[in-house]
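Below is one structure; the comments refer to it alone.
Since every read-out is calculated from the coordinates, none of them should be taken as a lab result. Note that this is a predicted model, so its numbers are computed, not measured. A quick note on method: Cβ atoms are made from the backbone with ideal geometry, for glycine too, and the neighbour counts reach across all protein chains shown.
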Ligand code: DGL
């Protein structure tokens with residue numbers, strides 16, 4: 001059985017396009033509808049109740065688009081609302097935390113993993129629990145880096161100022177460098193991690209800077225690739241794969257935003273270096289600031 005309906009991909013804003021990009025790479029025959037709640041982003045600094053309510057309202061809109069399943073690409077929403085969302089809809093809902101946690105627990109050799117994420121994701125300890133589920137022997141050090149999302153949203157992805165701010169934000173996890181560029185250990189909080197999990201949709205866009213600050217001894221892992229693989233498996237197990245091969249209809253891709261279409265298009269093009277041609281604005285019944 002093949003199912004030509006699109007896959008819904010949800011994020012609070014444009015950051016989830018990092019996950020969409022991996023899905024398109026991994027599953028080129030699949031059609032997608034991406035939903036970015038830009039009017040109410042960022043979610044990561046909001047209280048849990050708001051994240052849950054906004055996530056429900058957003059997924060209701062995707063569900064109305066006849067999607068066959070939904071990827072909650074937003075880490076904050078996955079961390080806080082995934083259980084609620086799974087109860088609400090009669091279709092497969094995939095989050096980004098378990099795939100990322102599995103990838104990180106496989107990547108670490110010293111069994112010391114750092115997780116950077118929004119304040120709401122860190123407060124939930126969802127990554128801690130998911131990594132411990134994968135391997136209870138792994139030490140998990142969660143750390144909120146609230147400066148990163150505004151930097152990415154402002155299109156600041158490289159340069160000395162970005163490097164300095166990334167280094168400052170990561171210092172509690174990584175320690176600081178001495179004059180020769182070596183990390184100074186031990187610091188009160190430095191965790192001596194060998195793997196750093198990027199637990200937020202926006203962070204892969206800062207990956208080169210994060211990797212250079214962290215140095216060669218730290219493997220950088222994000223959820224996007226692992227989530228695309230988990231999605232491929234989910235579609236296969238449920239018989240939901242799109243028809244592929246000769247005569248199959250071409251995949252279609254639509255982007256929906258609660259915010260300004262021009263702003264979404266501009267930011268997406270700046271961040272990803274590619275244009276997303278089909279962008280539509282959708283109205284939420286209740287758009288809070
Ligand atoms: N999409 C959010 C996440 O992955 C980051 C942006 C936000 O705070 O809304 O946690």
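At the listed q of 0.08 Å⁻¹, the Debye profile of the chain, built from one uniform point per Cα, gives log10 I(q)/I(0) equal to -0.33.
Looking at the chain, the DSSP beta bridges with both ends there are about 5 percent antiparallel.
Judged by the mean number of other Cβ atoms found within 10 Å, the most tightly packed of the peptides 275-284, 111-120 leads the ranking 111-120, 275-284. Taking the stretch 185-269 on its own, what percent of its Cα-Cα pair distances exceed 15 Å? Summing the P(r) of the stretch 185-269 above 15 Å gives 76 percent of all pairs. To the nearest ten degrees, helix 75-88 and the longest principal axis of the Cα atoms of the chain are 40 degrees apart.
Result for the chain in a Gaussian network model with C-alpha springs under 10 Å: among 126, 137, 102, the largest mean-square fluctuation is at 137.
For the peptides 138-150, 252-264, what is the packing order when you average, over each peptide's residues, the other Cβ atoms within 10 Å and list the highest mean first?
Details: 138-150: 19.8, 252-264: 17.5.
Highest to lowest by the protection proxy: 138-150, 252-264.
For the chain, the longest principal axis of the C-alpha atoms and the axis of helix 17-26 are separated by about 70°.
For the stretch 69-173, report the translational diffusion coefficient in µm²/s to the nearest whole number, using Stokes-Einstein at 20 °C, 1.002 mPa s, and a Kirkwood Rh over Cα pairs.
Details: Rh = 15.0 Å.
This corresponds to a translational diffusion coefficient of 142 µm²/s.
Available extension along the chain between residue 147 and residue 48 is 33.7 nm, counting 0.36 nm per residue and deducting the alpha carbon span. Could you compute the FRET efficiency for residue 129 and residue 5, with r as their C-beta to C-beta distance and R0 at 45 Å, rounded to 0.05? For R0 = 45 Å, the calculated efficiency reads 0.90. The stretch 217-268 and the stretch 115-181 have Cα centres separated by 25 Å.
Comparing 246, 125, 202 in a Gaussian network model of the chain where C-alpha atoms under 10 Å apart are linked, the largest mean-square fluctuation is found at 246. For the chain, a Gaussian network of Cα nodes joined below 10 Å ranks 69, 155, 16 by mean-square fluctuation, and the top entry is 155. Label-to-label distance for residue 232 and residue 24 is 1.8 nm, based on points extended 7 Å past Cα in the beta-carbon direction.
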